Amino acid sequence: MSHDHDHQHGGHDHNHHHQRGGHDHGDESALADLLDLDAEALPEYLPEVTALIRDHLDDRPVRRILDMGAGTGSGALALAQRFPDAEITAVDVSEFMLTRLRDKAGARGVAERIHTLRTDLDAAWPELEPVDLAWAANSLHHTADPDRVLTDLFGTIRPGGLLALAELNSMPRFLSTAGELGELEDRAHEALAAETADHVPHLGSDWASLLTKAGFEIDTERRILVSLTPPLSEAATRLAHRTLQRMRTGLAERLAPQDATALDVLLSDGPESLARRSDLTVRDERPVWIARRP
């Protein structure tokens, strides 16, 4: 599914929710569905990341893991599978998300190993036991003060332990790179970048510098490139539809009328709809940093 570039060191995006909350129940439900769909459509991504984490642990045992901004728990479940002796604390501001996480953990038979904690990381850092590994996937850029949160994370990780930080720069792309559809997607992403600059100012931050400032030593920065080619799975096609639908709704005030209309055609049930296209792809770049507390 993916290949990656490994750099050794010596919209609103769609793959999480706001750490500060503010979603109504209906939007939380739709976003939870999108989080789960992302994991279903890209089944190799999380195993690849957790294998990368394991490779940097130097055979140290992992007994306690913190998942910061856990969402519906795809990351927590992947970590539970990779580290079968570990207990995981999944922290999130949304009780709705944590309820879904607990349901999934029960269905997978790991409920006794995954503990949930509802907390707003912008309000106060929770009382936590020292952890061997912390995982923060697409949550840090939604905190009001990432510097402070990283400092608190540093204090929670035991010396020699790891922080795995996964971030997104934008939503995935699905449409042909050539012709009118490619230009349409380009303009939609430009509008999305303007929207996120206004509302999510920490998206795309210089995370390597922030990690170093907080005291971490960066072991690896890896950019995992997602590249799915036709024919897409049914889940990947649904991911394209739901992602573009979310962009269409969220960017209603920023899209030119003809672009809004073109997206409506793609999102319809008509002959030009996404579901009937045979040329959809999934293209994305997901940066991951593995950092160590000295």
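For region 21-133, a/c is not less than 1.5, where a ≥ b ≥ c are the root eigenvalues of the C-alpha gyration tensor, and a/b does not top b/c. That puts it in the oblate class.
Backbone N atoms of region 134-161 closer than 17 Å to the 7 Å Cα→Cβ label point of Ala124 belong to residues 149, 152-153.
At 1.4 Å probe radius, can you tell me the per residue accessible area of region 104-153 in Å²? The partial results should precede the final answer.
Working: 2170 Å² over 50 residues.
About 43 Å² of surface per residue is accessible.
Between Arg292 and Leu163, Glu217, Ile218, Asp219, the built amide H atoms are under 5 Å apart, and every one of these is 5 or more places off in sequence or on another chain. Annotation: Asp206 carries an accessible surface of approximately 90 Å², with a 1.4 Å probe and no ligand, DNA or RNA atoms counted. Put simply, the amide H of Ile224, placed in the peptide plane, has neighbours under 5 Å in Arg286, Val288, leaving out anything fewer than 5 places away on its chain.
Coordinate range of the alpha-carbon atoms in region 85-159 per principal axis, descending: 36, 29, 20 Å. For region 162-252, the per residue solvent-accessible surface stands at 42 Å², with DNA, RNA and ligands left out and a 1.4 Å probe. The phi torsions of region 121-134, fed into the Karplus equation with coefficients 6.51, -1.76 and 1.60 and a -60° offset, translate into couplings of 5, 6, 7, 6, 7, x, 6, 9, 5, x, 10, 7, 8, 10 Hz, rounded to whole numbers, with Gly and Pro shown as x. By the compact-protein rule of thumb, 2.2 N^0.38 Å, the alpha-carbon radius of gyration of the chain corresponds to a ratio of 0.99.
The overall shape of region 147-218 is prolate: from the C-alpha gyration tensor, with semi-axes ordered a ≥ b ≥ c, the ratio a/c is 1.5 or greater and a/b exceeds b/c.
Which of rounded, prolate, oblate describes region 184-272, given a ≥ b ≥ c as roots of the alpha-carbon gyration tensor eigenvalues and a/c under 1.5 marking rounded, otherwise prolate only if a/b is larger than b/c? Note, shape of region 184-272 comes out oblate.
Derived scalar couplings between HN and Hα for region 249-261 equal 6, x, 9, 3, 7, 9, 7, 5, x, 5, 6, 4, 5 Hz in order, rounded to whole Hz, by the Karplus curve 6.51 cos²θ - 1.76 cosθ + 1.60 (θ = phi - 60°), x for Gly and Pro. Annotation: amide H of Asp67 within the under-5 Å range of Thr89, Ala90, Val91, Trp135, sequence separation 5 or more or interchain, hydrogens built in the peptide plane.
The values are calculated or read from the model by the stated rules, or taken from the named source; none is laboratory data. Keep in mind that what you see is a predicted model, and the values were worked out from it rather than measured. Every residue, glycine among them, receives a Cβ derived from its backbone with ideal geometry; neighbour counts consider all protein chains shown. Keep in mind that these areas ignore ligands, DNA and RNA; they rest on the heavy atoms of the full protein, side chains included. Shrake-Rupley method; radii C 1.70, N 1.55, O 1.52, S 1.80 Å.
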